[in-house]
Amino acid sequence: MTDQRKTLPASYYTNREIYHAELENLFCRMWICAGRSERIANPGDYFLCEVAGESLIVTCDGDTIRAFYNVCRHRGTQLCVEAEGHFGGPIRCPYHGWSYGLDGRLVGAPHMDERAFRREQYPLHAVQAEEWDGYVFVNLAPASQPLAVQLSALPGKFAPWGMRDLRIYKRIGYEVKANWKLIVLNYNECLHCPLLHPALNRITDYLSGTNDPPEGNYIGGSMELRDGAQTMSVDGQLRRDYLPGLDQDQRRRVFYYAVYPNLLLSLHPDYVMAHMLWPQAVDRTRVVCEWYFHPHEMAKADFVADDAVEFWDRTNQEDWAISELAQKGISSRAYVPGPYSPREGLPSAFDQWILGRERRTDTLSPVPADLTHGEG
Ligand code: FES
Ligand SMILES: [Fe+2]
């Protein structure tokens, strides 16, 4: 049956209250992709991420991935400022030197009266952290469901790409003047490809491929490579071996999935690309794009990958520019919701998911009192 749904009202892209409600109800209560676990391969390695304005430290304690609020328990000072690095010993506050183990325990608190003061009462505020297939996810809600529940069928579906084994080749950050949802919407339809991405459209037919029926916390599908094209690169040619787990059909397609709320996964025959979305304001989003390749390929003397990076960097910029125009137009008093075509089922499904989550917020677990009142 024809999908006659319309786009969302302007307020979903312009209203600060709705934006903050999304941060609270989605980004503070769902599992958020923080980055690759290979960035914290060794104990003491860390990187920072910022979820809904909260700076988090993601680190490795032995075999355990841990995440903490970047907040000292003494007088609240932010502990780390470098985006990534390595703790050679305890995590030390730059203000008065309180120090914490990689498990978050307070191990040093100079000048405190040890008779009246119990270190064990002042560990770093921990955040849940789990790993899936090479990606670290964090969750600010202490009583959330396990990550596996949120991901549902995805781990099995993506197993052939062996993402855990791949390694980062390149990371590019973009500042996009558009609401984060416009970036998700744009990612999930290719009706814009002929006009906006002529290079991409030469490699995959925008009307090809199939979408999964929308369900759960993700949407996506695949597109077929045109005859003569082998992967998404500047000329469609393959310069690396296929990823080892792919069958013949998977070698002829590119798979695009939005894993709600902040991860966009693009699975190619010979590499994987991910976008992580970090909302900064109702009309501004930081997008971090990473490209992953198989280490066997990266070890080859003639390994090249800039063909894939350049192709997508250009395509990304085309997408960000049109998303910024969408933000501007939607912000006009003249904007009213417009009709989706039958081929815009995924964007429409994302809108419905947003509306559905809005209705569910009263059933979600609240932020614990000790974090809302700043005592513990
Ligand atoms: S605020 Fe961190 S040691 Fe004082
Ligand atoms: Fe696009």
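The values are calculated or read from the model by the stated rules, or taken from the named source; none is laboratory data. Here the structure is a predicted model, which is why all the values come from computation and not from measurement. Here Cβ is always computed from backbone atoms with ideal geometry, including for glycine, and neighbour counts include all displayed protein chains.
Pick from Ala258, Ala199: which is surrounded by fewer than 21 Cβ atoms within 10 Å (Cβ to Cβ), touching a residue at least 40 places away in the same chain (Cβ under 8 Å), of a type in the set (A, V, I, L, M, F, W, C) and outside any loop (DSSP other than H, G, I, E, B)? Going through Ala258, Ala199 in turn, just one is surrounded by fewer than 21 Cβ atoms within 10 Å (Cβ to Cβ), touching a residue at least 40 places away in the same chain (Cβ under 8 Å), of a type in the set (A, V, I, L, M, F, W, C) and outside any loop (DSSP other than H, G, I, E, B): Ala199.
Okay, residues lined up against (1) surrounded by 14 or more Cβ atoms within 10 Å (Cβ to Cβ); (2) closer than 19 Å to Tyr257 by Cα; (3) within 16 Å of ligand 2 (Cβ to nearest atom):
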| site | (1), (2), (3) |
| --- | --- |
| Asp313 | yes, yes, yes |
| Asn316 | yes, yes, yes |
| Trp320 | yes, yes, yes |
| Glu324 | yes, no, yes |
| Lys328 | no, no, no |
| Ser331 | yes, no, no |
| Ala334 | no, no, no |
| Gly338 | no, no, no |
| Pro347 | yes, yes, yes |
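Look at the range 148-165: where a residue is under 14 Å from Val259 (Cβ atoms) and a partner is of a type in the set (S, T, N, Q) and in a helix (DSSP H, G or I), sitting 6+ places away or on another chain with Cβ atoms under 9 Å, you get Trp161/Gln250. Evaluating Asp3 against the criteria (1) modelled with pLDDT of 95 or more; (2) within 30 Å of Gly216 (Cα to Cα) leaves one unmet condition, (1).
Yes or no: Asp103 buried (at least 17 other Cβ atoms within 10 Å of the Cβ), over 30 Å from Asp283 (Cα atoms) and either modelled with pLDDT of 95 or more or away from ligand 1 (no atom under 16 Å from the Cβ) (or both)? Considered against the rule, which asks whether it is buried (at least 17 other Cβ atoms within 10 Å of the Cβ), over 30 Å from Asp283 (Cα atoms) and either modelled with pLDDT of 95 or more or away from ligand 1 (no atom under 16 Å from the Cβ) (or both), Asp103 comes out as no. Look at the range 7-24: where a residue is loosely packed, with under 14 Cβ neighbours inside 10 Å and a partner is in a helix (DSSP H, G or I), sitting 6+ places away or on another chain with Cβ atoms under 7 Å, you get Ser11/Ile18.
Only one of the listed residues (Asp212, Asp205) is surrounded by fewer than 20 Cβ atoms within 10 Å (Cβ to Cβ), at pLDDT below 95, charged (D, E, K, R) and away from ligand 2 (no atom under 15 Å from the Cβ). That residue is Asp212. Inside the range 165-202, residues that are closer than 23 Å to Ala349 by Cβ, among the aliphatic types (A, V, I, L, M), touching an Asp or Glu at 6+ places or on another chain (Cβ under 8 Å) and more than 11 Å from ligand 2 (Cβ to nearest atom) make up a count of 2. Could you list all residues from the range 137-168 that are within 12 Å of Ala274 (Cβ to Cβ) and not in a helix (DSSP H, G or I)? Selection gives Leu166, Ile168. Within the range 67-93, restricting attention to residues that are among the aliphatic types (A, V, I, L, M) and surrounded by fewer than 17 Cβ atoms within 10 Å (Cβ to Cβ), the residue that is farthest from ligand 1 (Cβ to nearest atom) is Ala83.
Per the listing Val234, Val288, the residue uniquely assigned to a strand (DSSP E or B), aliphatic (A, V, I, L, M) and surrounded by fewer than 21 Cβ atoms within 10 Å (Cβ to Cβ) is Val288.
Each row is one residue, and each column tells you yes or no for (1) under 25 Å from the mean Cα position of the chain (by Cα); (2) β-branched (Val, Ile, Thr); (3) farther than 20 Å from Asn188 by Cα.
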| residue | (1), (2), (3) |
| --- | --- |
| Gly216 | yes, no, no |
| Ile219 | yes, yes, no |
| Leu225 | no, no, no |
| Asp235 | no, no, yes |
| Gly245 | yes, no, yes |
| Tyr256 | yes, no, no |
| Asn262 | yes, no, no |
